[in-house]
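Engineer: The structure under discussion is supplied below as structure tokens; questions concerning it will follow.
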Amino acid sequence: MHLDVQDLRNFYYRSMLGRAAQKAVRDKVVALWSPERCKGQTVAGFGFAVPLLRPYLKPARRVIGMMPAPQGVMPWPIGMKNVSTLVEDTIWPLENGVVDRLVLMHGLETSENPAFLLDECYRVLGPGGRALFVVPNRAGLWARSDKTPFGYGRPYSAGQLEAQLKTYGFNVERHLSALYQPPSSKRFWLKTGNFWERAGMQLPVVMAGGVLMVEVSKQIPAPKRPGLAQRVRQPLKVLEGMGQPVVEPAGRLSVTAERHPK
């Protein structure tokens, strides 16, 4: 079940904890996908991924914020030309292979049709394109608290998420983790958030991170013609029926083929 867009907006833009979470996750995204490297590309987000897309507004050729219908939509970014749109989980208003970078946050774990959603992700992603899935970590503290959006939906382990993505044809490139600080609004945890994020980088992904971030790529396999190998292994018969050289009376070898009787 998707959360309401008003609750998501209030958390990420009107609460100290939400702003800290936004910064921690976005810093990891920017470190992974430098905005300069995305210059001239199409960057899209699904779920409530718009807090992660702001660094790409200027360098990218196009930025699209897709919000699922059960969640609702809000205009974004504020004070600029709107780039957000309302979509169905399984029907996105995009052509095949037009997206270079795709980010999902609060989209996969709350979707009632994850299989169709992943099919749609694969469809719109271009050959060699990259997608980043941000989901609650089953072993983390954030998935156990319903005071944040990461406490809703189906949390994942790293192995579960990677296995599911491979099933739908994605190649797993790398995985990260974020939100090592506890999901608390107390001043101490908020002021020391940067310290916990740096310290968390030294820990295994499954131990403490509140969210998992798995980057995948789309590679198009080379087309295979069924039965081609078997046909190639068969001997060629294009020369069957050709006559054999004959010796002429003068003793010279004739390269003229014998004619077959009618």
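Engineer: Determine, yes or no, whether Thr167 is open to solvent by 60 Å² or more (accessible area, probe 1.4 Å) and among the β-branched types (Val, Ile, Thr).
Structural biologist: For Thr167, the condition - open to solvent by 60 Å² or more (accessible area, probe 1.4 Å) and among the β-branched types (Val, Ile, Thr) - is met.
Engineer: Please determine, by comparing only the residues of the stretch 80-114 that are without any contact (Cβ under 8 Å) to a residue 12 or more places away in the chain and not charged (D, E, K, R), which one is farthest from Gly129 (Cα to Cα).
Structural biologist: Asn82
Engineer: Return the residue satisfying two criteria in turn: it lies in the stretch 25-47 and is among the aliphatic types (A, V, I, L, M) and open to solvent by 10 Å² or more (accessible area, probe 1.4 Å), and of such residues it is nearest to Gly72 (Cα to Cα).
Structural biologist: Only one residue tops the list, namely Val30.
Engineer: Same structure again: Report, by residue number, each residue of the stretch 97-132 that is among the charged types (D, E, K, R) and either in contact with a Cys (Cβ under 9 Å, 6 or more places away or on another chain) or under 26 Å from Asp27 (Cβ atoms) (or both).
Structural biologist: Asp100, Arg101, Glu109, Arg130, listed by residue number.
Engineer: Could you check Tyr12 against (1) more than 18 Å from Gly151 (Cβ to Cβ); (2) buried (at least 16 other Cβ atoms within 10 Å of the Cβ); (3) hydroxyl-bearing (Ser, Thr, Tyr) and say which number it fails?
Structural biologist: Looking at each condition in turn, Tyr12 falls short on (1).
Engineer: Of all the residues that make up the stretch 34-50, how many are over 29 Å from Met1 (Cβ atoms) and either without any contact (Cβ under 8 Å) to a residue 40 or more places away in the chain or part of a loop (DSSP other than H, G, I, E, B) (or both)?
Structural biologist: 7
Engineer: Every residue in the stretch 95-113 that is surrounded by fewer than 19 Cβ atoms within 10 Å (Cβ to Cβ) and either part of a strand (DSSP E or B) or of a type outside the set (Asp, Glu) (or both), please.
Structural biologist: Once the filter is applied, which keeps residues that are surrounded by fewer than 19 Cβ atoms within 10 Å (Cβ to Cβ) and either part of a strand (DSSP E or B) or of a type outside the set (Asp, Glu) (or both), the stretch 95-113 yields Asn96, Gly97, Val98, Asn113.
Engineer: Please find, within the stretch 128-163, the residue that is nearest to Leu3 (Cα to Cα) out of those that are in a helix (DSSP H, G or I) and open to solvent by 40 Å² or more (accessible area, probe 1.4 Å).
Structural biologist: Arg144
Engineer: If you go through the stretch 55-67 one residue at a time, do you hit one that is assigned to a helix (DSSP H, G or I), of a type outside the set (Ser, Thr, Tyr) and either open to solvent by less than 20 Å² (accessible area, probe 1.4 Å) or closer than 21 Å to Gly126 by Cβ (or both)?
Structural biologist: yes
Engineer: I need every pair where a residue in the stretch 132-158 that is in contact (Cβ under 8 Å) with a residue 40 or more places away in the chain has its Cβ under 7 Å from the Cβ of a residue that is outside any loop (DSSP other than H, G, I, E, B) and acidic (Asp, Glu), sequence separation at least 6 or different chains.
Structural biologist: Leu132/Glu215
Engineer: From the list Arg123, Arg37, which one is among the basic types (Lys, Arg), out of contact with any strand residue (DSSP E or B) (no Cβ under 9 Å at 6 or more places or on another chain) and at pLDDT below 95?
Structural biologist: It is Arg37.
Engineer: Does Arg19 meet the test of being closer than 18 Å to Leu125 by Cα, part of a helix (DSSP H, G or I) and open to solvent by 50 Å² or more (accessible area, probe 1.4 Å)?
Structural biologist: When the stated conditions are applied, Arg19 does not pass them.
Engineer: Taking into account only those residues within the stretch 22-51 that are more than 23 Å from Pro127 (Cα to Cα) and of a type in the set (A, V, I, L, M, F, W, C), which is farthest from the chain's Cα centre (by Cα)?
Structural biologist: Of everything passing the filter in the stretch 22-51, Ala24 is farthest from the chain's Cα centre (by Cα).
Engineer: Give Gln6, Gln71 a once-over and let me know the one that is open to solvent by 20 Å² or more (accessible area, probe 1.4 Å), in contact with a Gly (Cβ under 8 Å, 6 or more places away or on another chain), closer than 23 Å to Gly151 by Cβ and polar (S, T, N, Q).
Structural biologist: Gln6
The values are calculated or read from the model by the stated rules, or taken from the named source; none is laboratory data. In this text the structure is predicted, and so the values were computed from the model without any measurement. Using ideal geometry, Cβ is built from the backbone for each residue, glycine included, and neighbour counts are taken over all protein chains shown. Just the protein is used for accessible areas: all its heavy atoms, side chains included, with ligands, DNA and RNA removed. Shrake-Rupley method; radii C 1.70, N 1.55, O 1.52, S 1.80 Å.
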